[in-house]
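Asks: Got a structure for you, questions after.
The values are calculated or read from the model by the stated rules, or taken from the named source; none is laboratory data. Nothing here was measured: the structure is a model prediction, and the numbers come from that model. Glycine gets a Cβ as well: all are built from the backbone with ideal geometry, and neighbour counts include every protein chain shown.
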Amino acid sequence: MKAAVFHENNEDPRKVVKIEEIEIPKIKHNQVLIKVEASSYNHDDLWGIWGRPIKVPLPHISGSDISGIVVDVGENVVDIKEGDRVVGHPNLTCRICVECTSGREYDCRQRKIWGFQTGPLWGGFAQYTYLPEVNVIKIPDNLSFQDAAAISMVGLTSWHMLVTRANIQPGETVLIMGGSSGIGIAGIQIAKLFNCNVIATAGNKEKMDKCLKLGADHVINHREPDWYKKVKGIAGRQGLDIIFEHIGKSVFAEELGLLKMGGTLVSTGATTGYETKLDLRYLFFRGLNIIGATQGSRSALEEVIKWTSKGKIKAIIDSVYPFENMVMGHVKMMESQLFGKLITTPQKL
């Protein structure tokens, strides 16, 4: 089979990511073999290529979001059958610790992000891949492979942030930072699914207009120095119920001042840097909640797939790359000039 493989780290994906011929994986008793119809890109694919912030096993196949058709199942697989249309849940856990057995597999100390921390040669940018049965979810016939791959990681993470962690309630005022990003796009739609008043941010007018079309009630340019003052003007004296945060250092300090008494900031990333300064008076005088979120449960992904198949959440795809030229998806992601997810189609090579 063909797979996108890199054997060393480099700042330029074009220098190391190559399409190679490797053996089709052999599955274990609890695993399923999947013919990959669509794979979508995530920022952790770049981290793997760069070798930072953590090293990944080499040689490496990236790709944490896949959809496809099951072509073989292990002898102990019960619910998944050959021919099933499926999407992968990329949160690999032990399934036996206290966190896993209490429904918090996202807190498992052995958790790994499949396609990022796994390997050697175990990820989604390949014509065939494999996953444990528990990490495979059937998708309905009316959901395309590309849409399923595009929504899986970002939808899972956004659902976990807003629903599981922030306990979003109908009618709340929610700020979605970076609304034009993959998780921002999903976050806007999930917040509107709960009939919330949604304020989104984006970096230019074109992206701002697209956020409005997605359903955001207001959009602010977060590159403007006084962006937070404009958000405050929209939210009013009461402030925001929830801030959906993944930008980090450049905006974090200003965000806290936007929350209402008892409001919640939920964070899943820090693309502009990890270190920040806080005015702790906001934290204790207002009784604020600052919580983290990473990935999410299998049931969260099932909810996202359900609502996407009903058309209530839309998978937004920026570009589709033929597999022989898939490295250009990495390049475009580095340039950040996109709205929606990037997809590659391994089986069409």
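Asks: Which condition from (1) of a type outside the set (D, E, K, R); (2) in contact with a strand residue (DSSP E or B) (Cβ under 7 Å, 6 or more places away or on another chain); (3) modelled with pLDDT of 90 or more; (4) closer than 30 Å to I69 by Cα is the one that L265 breaks?
Replies: L265 satisfies every listed condition except (4).
Asks: Before we move on, is I199 assigned to a strand (DSSP E or B) and in contact (Cβ under 8 Å) with a residue 12 or more places away in the chain?
Replies: When the stated conditions are applied, I199 passes them.
Asks: Of everything in region 298-327 that's touching a helix residue (DSSP H, G or I) at 6+ places or on another chain (Cβ under 6 Å) and of a type in the set (G, A, S), which residue is nearest to G103 (Cα to Cα)?
Replies: Among residues in region 298-327 that are touching a helix residue (DSSP H, G or I) at 6+ places or on another chain (Cβ under 6 Å) and of a type in the set (G, A, S), the one nearest to G103 (Cα to Cα) is A300.
Asks: Pull up region 79-115, narrow it to residues that are hydroxyl-bearing (S, T, Y) and assigned to a loop (DSSP other than H, G, I, E, B), then point me to the one that is farthest from the chain's Cα centre (by Cα).
Replies: Start the filter on region 79-115 by keeping residues that are hydroxyl-bearing (S, T, Y), which leaves 93, 101-102, 106.
Those still in the list that are assigned to a loop (DSSP other than H, G, I, E, B) too: 93, 102.
Numbers: T93: 17, S102: 23 Å.
Only one residue tops the list, namely S102.
Asks: Of the residues E275, E324, only one is of a type outside the set (A, V, I, L, M, F, W, C), more than 21 Å from A166 (Cα to Cα) and assigned by TED's automatic domain parsing to the domain that holds F116; which? Break it down into steps so the answer makes sense when it comes.
Replies: Details: E275 fails: assigned by TED's automatic domain parsing to the domain that holds F116.
Only one candidate passes the filter, namely E324.
Asks: Just to verify a result, which residue in region 145-165, among those that are surrounded by fewer than 23 Cβ atoms within 10 Å (Cβ to Cβ) and touching a strand residue (DSSP E or B) at 6+ places or on another chain (Cβ under 8 Å), is nearest to I290 (Cα to Cα)?
Replies: R165
Asks: Would you confirm whether any residue within region 334-348 is out of contact with any helix residue (DSSP H, G or I) (no Cβ under 7 Å at 6 or more places or on another chain), more than 26 Å from I190 (Cβ to Cβ) and touching a residue at least 24 places away in the same chain (Cβ under 8 Å)? Before you say what the answer is, go through the steps one by one.
Replies: Filtering region 334-348 down to residues out of contact with any helix residue (DSSP H, G or I) (no Cβ under 7 Å at 6 or more places or on another chain) leaves 335-337, 347.
The next check asks that each one be more than 26 Å from I190 (Cβ to Cβ); those that pass are 335, 347.
If we keep only those that are touching a residue at least 24 places away in the same chain (Cβ under 8 Å) too, we end up with 347.
The answer is yes; a qualifying residue exists.
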